[in-house]
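The values are calculated or read from the model by the stated rules, or taken from the named source; none is laboratory data. Everything numeric in this text was worked out from a predicted model, so none of it was measured. Glycine gets a Cβ as well: all are built from the backbone with ideal geometry, and neighbour counts include every protein chain shown.
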């Protein structure tokens, strides 16, 4: 389970452990990893927290070698990601400035590296492990309700569209080995990340409150509701190649 030390990733890791899976969550922050270990011990969960950098081919290979030493891998959940909101271009606030402000290449590359290349690296190692050990396992990728495109989200939406394409492609390629590949595409989640950003940026909080009116159910999703969909995709033996959308019915894309 990548990106498993907070938010949705932690909710998924905890739910899988509660359902009897021997679970390992991956993350980078030592403090958060330690908090997960303490939580697992306090709650009596079979849940480990291991440091790994999913953007590093070497780190991914090392962690998979470690995790599959004792027993074969049966499930991989790709959740690690981040969203940097950037317009493709905009006029500077200073009307006297001549140059347009454009989307930084570094932000594009960092987002694609984590949200798409990380999925590729982890998914590749997970699939190889399952094939080597002849395990009919599952890979579940976390996409987004914004995969079809959204205002100010060039890098993130491109990455998530790529994740959905990988999901379908891998389902074709890995099906003959008995390996299922599915994706879950959440809408906005009422979790730690949203609350932190809304507190720090009141304009963002106002914007999100306005956006909520486009959701038929009139509310954002709970992390546990998305985690339940991930567990469904992981455990249902006839789900593959599918993108399960868990977004309350919308909104179809963020608009200004």
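Identification of helices (runs of 4 or more DSSP H) wholly contained in the range 158-256 with 3 or more residues that are at pLDDT 95 or above and surrounded by fewer than 18 Cβ atoms within 10 Å (Cβ to Cβ) yields 223-235. Of all residue pairs spaced 6 or more apart or on separate chains, those with beta-carbon atoms under 7 Å, a first member in the range 241-256 that is closer than 12 Å to residue 140 by Cβ and a second member that is in a loop (DSSP other than H, G, I, E, B) and at pLDDT 95 or above are 243/143. Residues in the range 119-146 that are at pLDDT 95 or above, crowded, with 21+ Cβ neighbours inside 10 Å and assigned to a loop (DSSP other than H, G, I, E, B): 137, 143, 144.
Has the range 162-172 got at least one residue that is over 24 Å from residue 111 (Cβ atoms) and in contact with a strand residue (DSSP E or B) (Cβ under 6 Å, 6 or more places away or on another chain)? Yes, that holds for at least one residue.
Looking only at residues in the range 63-90 that are without any contact (Cβ under 8 Å) to a residue 24 or more places away in the chain and touching a strand residue (DSSP E or B) at 6+ places or on another chain (Cβ under 7 Å), the one that is surrounded by the most Cβ atoms within 10 Å (Cβ to Cβ) is 90.
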